[in-house]
Each structure stands twice: as structure tokens, then as C-alpha cells.
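The values are calculated or read from the model by the stated rules, or taken from the named source; none is laboratory data. Everything quoted here is computed from the prediction, not taken from an experiment. Positions of Cβ are generated from backbone atoms using ideal geometry, with glycine treated the same way; all protein chains shown enter the neighbour counts.
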Amino acid sequence: MMTSLNSRGETSNFDILIVGGGLVGCASAWHLARLGLKVLVAERGHLNSGASGQNAGSLHFQIERRFLEQGEKAAADGARIVTLNRLAIEEWRGIEHMLGRPLDVAMHGGLMVAETEEQMALLAFKVARENELGLSTQVLDSAQLRERAPSLSPHLAGAAWLADEGHANPRILVDAFAEGAVEQGAQIRTGTALTGLSMARDGTYRAVLSGPDGELRVNTPRVLLASGHWTARLAGLLGLNVPLYAAPLMMSVTDRTEPVLPYLVQHVGARLSMKQTEDGNLLIGGGWPSRLVRRADGTPDLDRPATVEMKNLRANLAVAARVLPGLAQRSLLRTWTGTTCISADQLPIVGEIPAAPGLFVAAGGSLFTLGPVLARLLARTIAEGSPPEELSMFLPRRFAHLDAFAVLP
Amino acid sequence: MKRIEQGVTRPAQIAVEIDGARVMVHPGETVAVAVLASASQRFRDDRSGAARGMFCNMGTCSECTVWAAVGTSPWRRLRGCLVPVEPSLRISTRDPESRP
Ligand SMILES: Cc1cc2nc3c(=O)[nH]c(=O)nc-3n(C[C@H](O)[C@H](O)[C@H](O)COP(=O)(O)OP(=O)(O)OC[C@H]3O[C@@H](n4cnc5c(N)ncnc54)[C@H](O)[C@@H]3O)c2cc1C
Ligand code: FES
């Protein structure tokens, strides 16, 4: 499909402009194109160059540790995400069929391990809550854990087990969505950044895209900011406040070894995620921060890659080796950084911004695991004009008070 | 691939061992150079069994990773492009522990 420009270099050919060619942008493009919308995706770098290509690829559906470490109120709030996690399990079970190609999806189960009796109590609390919400996690004592995962340390106190957890390959998923979207008629422009955004008197949007062929002006009734941690900054172009905060992280990979770990491993009391890829490499992460580069004025420079924080890398590898003693024999091949974002209440922010009808966002949290299902629900919201019930607790309207003083258009 | 010889002086060669074979290298050259100077020029194999070579020569890609030991010291994995050769160096392009 060609973009037809009028004499002023403008196009009004698209039902929606999607800003960002990560998982959220490309999966949304795929769904929206299938629903018959004319979609333009603008990606500043290349596809998958943000968090979607840098992440750990964990498919974790148990309540995350980050919810549990902030006390009972946060844990109760965090539990609400379980209903979404259940939908995500279905989504991942069908995703290779849906996209018609292998995506290294392995859902052989996941363990959230504990080292102390106190941590076992936290697991018991978590598992009880999960089961109330229909997620069949199960507590394993140390003997049961040994039987299930003999490569893990005999000193572990036990674990919470969920048969649906696992991992997938973040390097190939976005391409699959992007290629499918283009087949359905979506247009994708890489090397093309959104540099200006305003609302016209009639409530439609005027976007300026800067790319290899110069500037393109797009007039469109809808914009989806699928721009990861940059979403807050881009919403700022309209004077809007989306409470998303950058979370710079790091990941490490070891050399290959024979199969020792068929499961996703997390830790309830320490930051850890660990898995073995199909090629045999062990991937280690779990939310240890890297360091954002700062500009001369002290503000973080979100356009430059964060740097590895050696102290945190050592701590990350130490937890990993405590849980999987065989790791001591492996060599670290590489550590890299990536930046994602969390929202003010740790839950994803997905849907239409009340102060700016036609403007949609989707960011915050573990959007590798949740990205595919959220993109599906968001596409329905956009195509049908109202959100499905499943999205109700993730809608941006819970932060509408932050835009009480916005002036639009 | 060969060393530039004209107009260059190098220290006298020393012998290192690569996968059991003797290879002559100059002090100051890296382990990666030693592998390139060997007959096979092979660093590792990909999962189909095809040879992979070094790529960046600056410690970034890990494609030059080999096992190395000095004399009877334990084997260590290292990036060949970052480590200079030394006398009694032994290099293995495959896991020495899993070799018959
Ligand atoms: C190290 C790490 C490990 C993680 N591990 C996991 C995990 O195991 N499981 C899990 O579920 N989640 C994990 N996450 C989180 C997950 O990766 C992200 O939530 C998810 O990838 C977000 O996808 P996205 O499409 O919203 O953002 P991104 O992939 O960041 O995409 C945003 C895109 O927008 C583009 N963009 C920005 N500004 C502009 C502009 N002005 N114009 C045009 N384009 C623009 C960027 O170039 C980028 O490609 C991890 C994240 C990191 C960093
Ligand atoms: S050749 Fe790239 S790390 Fe040595």
C-alpha cells in the first residue's frame, strides 16, 4: 500500500497511527489490520529494538515478587493481575498456531523457589490467593522440589509450582507479528520517529514523523503510543501525564550445556529468573537494575543504553548459583541491558486516555508475558469503541486525575 | 589469511598447543591470532556442525571463546581476542572435559 500525499506532504489515509515497533505495537497492528483498520506503524529504530528484543522471555503467570515485596496491600492489588495472567496462558498456548510459525515457546512449568521458612510462608499466602482466583499453583516441599528439579540446590526449602509457566524467544516474536500485520495490509516504517503530536480542533491528531525521506505529516483519528518507557515522554507532547517510570534492567547468558533445567525458575525472596534455552544456554535475570546514563544536567538520558552495574551483576549471579549449583561450572558469555517501565500502581496502563479521546496507550509491567493478550484486548477496544470487561482494571482512567489540568486541543 | 611480514619485526616465535597440535606464534599476539594461525582456523561449531569464526576482535561478540590452560593449570573459558599468548599455553576449541 502506498501512502498518498497531498500537496502539503500530508496523508490522512490511516485509521490509526501506532508509535513503536515493539511487541505491543506490532501485535496491536496485527490485530487491528485483521479487524480491517488501515494501520501505520512508525518505529524510530528497527523493529524489536526496545525492551521487546532485550527481555528475558519469561512466561511467568504466578504473582510476581515485585508485588509481594511491597507489603500486603500491594500483594492484594497484585493479585488482581491473576485474572489477566490466566488469559495470557491461553494466548501463549495458541500463539504459534495463530502466527503459523515456531516461536520457541516452551511451557513445561515454572518454579518460584524459597530458601527459608519465612519465604515458604509467603509462598503459601500467595498460592492460596492464586487458587482463589483460579490459578492452580501448588506448594512443593523440599523433597517434592528435589524430585521435580534435581539440578536445583538441595538447600532450597521448597517452591510454588505452576504447570503453565515457561519461556519463549523474544528475538523472533515481534517479526512474526510484524510480517503478519504487513500481510494484512498494515504499513510499517522503520527509522521513523514521532517528533510532533497535536490535537486539531475537530479532535483528530496531527502527527509529524521524521524518517529517512524527511518529514511526513499524518492526520489521523487515532494514535496508539506503544512506545515502551518512552510513552510517558510522548504523551507529554500533548501535555498529558501517564505515570510510567523507566526501569533499567540487565540480563546475562552463559555458554551452552546439556539440558539441566526444563523449567522457568524464579525466587520469592530474591530477584531471580533463570531458564535454559533450546540451544542449552542459561539465561539469568530477575529485575536487577542497570544504570541509566545521565545527561550533563543530571536527568536520565533515555535514548542511550543503560550500563551494566557490576555490583548488581555479581549479586544476580550469586543468587542464581545458590539456586542452581551447577552454574559455577558455566562461563558467562554476555551481559546486556534493556529498559522497560513500571506504572505508579505496578499494573499495566492499557486503553484510551480520557482527556484525549482517540489516544491510546499500553505500557507498564511485564508486557512480554502479557503483551500478546493485551494487544488483542486493546485492538478490540479500538475497533469496537469501548473496552472489554477484562481490561477494566487496567484502563488509564484510574489516573484521570493527573490530567485534570490538561488543555486540549 | 597470513601475517604481514614486510617491514615488520616481531619477537622470536614461541610454541603453543591448539587441540593437541603445535602452533608457532609471536609473543604479543592474542589467543585468537594463534587459532587463526593454526591449520583449522576453527573457533567453534554452530548447532548444525558448521564452523564459526571470530567476528569483532574486540571482546564484544564472544565468537572467539575457547578453553585455555597454562601447563597443567585448570581449563578456563576465555575470549581469545582479549588474551595474549604465553609459553606453555594450551588451547582447546572444544570442551576438554567432555573429550574422550
Ligand atoms: C532486561 C529486561 C527483561 C525483561 N524480562 C521480561 C520477562 O521475562 N517477561 C516479561 O513479561 N517482560 C519482561 N520485560 C518487560 C518487557 O520486555 C516489556 O514490558 C515489553 O517488551 C514492552 O514492549 P513494548 O512494545 O511496549 O515496548 P518496547 O519493546 O520498548 O517498544 C517500544 C518501541 O517504541 C519505539 N519508540 C520510542 N520512541 C519513539 C518515537 N518517538 N517514534 C517512534 N518510535 C519510538 C522504540 O524504539 C521501541 O522499539 C523485561 C524487560 C527488560 C528490559
Ligand atoms: S572476536 Fe568478538 S569477542 Fe573475540
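Residues A:Gly57, A:Gly71, A:Gly78, A:Gly100: which one is closer than 22 Å to A:Trp288 by Cα, more than 16 Å from ligand 1 (Cβ to nearest atom) and not assigned by TED's automatic domain parsing to the domain that holds A:Leu261?
After ruling out the rest, the residue left standing is A:Gly71.
Restricting to the range A:324-336, and then to whatever is outside any strand (DSSP E or B) and in contact with a strand residue (DSSP E or B) (Cβ under 6 Å, 6 or more places away or on another chain), can you tell me which residue is nearest to the other protein chains (Cβ to nearest Cβ)?
This residue is A:Ser331.
Hey, can you tell me all the residues within the range A:104-140 that are part of a strand (DSSP E or B) and under 22 Å from the mean Cα position of the chain (by Cα)?
Scanning the range A:104-140 gives A:Ala106, A:Gly110, A:Leu111, A:Met112.
Please enumerate the residues belonging to the range A:246-259 that are within 14 Å of chain B (Cβ to nearest Cβ) and either part of a loop (DSSP other than H, G, I, E, B) or hydrophobic (A, V, I, L, M, F, W, C) (or both).
Scanning the range A:246-259 gives A:Val253, A:Thr257, A:Glu258, A:Pro259.
For the range A:207-224, enumerate the residues that are under 20 Å from A:Ile382 (Cα atoms), not in a strand (DSSP E or B) and not charged (D, E, K, R).
A:Pro221
In the set A:Val319, A:Val373, A:Val350, which member is assigned to a helix (DSSP H, G or I), away from chain B (no Cβ under 14 Å) and under 27 Å from A:Gly94 (Cα atoms)?
A:Val373
Can you name the condition, by its number, that A:Pro388 falls short on among (1) touching a residue at least 24 places away in the same chain (Cβ under 8 Å); (2) in contact with a helix residue (DSSP H, G or I) (Cβ under 6 Å, 6 or more places away or on another chain)?
Result: A:Pro388 fails condition (1) only.
Quick check on the range B:60-82: of everything there that is surrounded by fewer than 19 Cβ atoms within 10 Å (Cβ to Cβ) and among the aliphatic types (A, V, I, L, M), which residue is nearest to B:Asp46 (Cα to Cα)?
The qualifying residue nearest to B:Asp46 (Cα to Cα) is B:Leu78.
Starting from the range A:314-331, take each residue that is under 16 Å from A:Pro150 (Cβ atoms) and list its partners that are assigned to a helix (DSSP H, G or I) and among the small types (Gly, Ala, Ser), counting only C-beta distances under 7 angstrom and pairs at least six apart or across chains.
Final answer for the pair search is A:Leu327/A:Ala320; A:Leu327/A:Ala321.
Kindly state which strands (runs of 3 or more DSSP E) lie completely within the range B:1-82 and contain at least 3 residues that are more than 14 Å from chain A (Cβ to nearest Cβ), more than 14 Å from ligand 2 (Cβ to nearest atom) and over 17 Å from B:Pro96 (Cα atoms).
Correct list: B:21-25.
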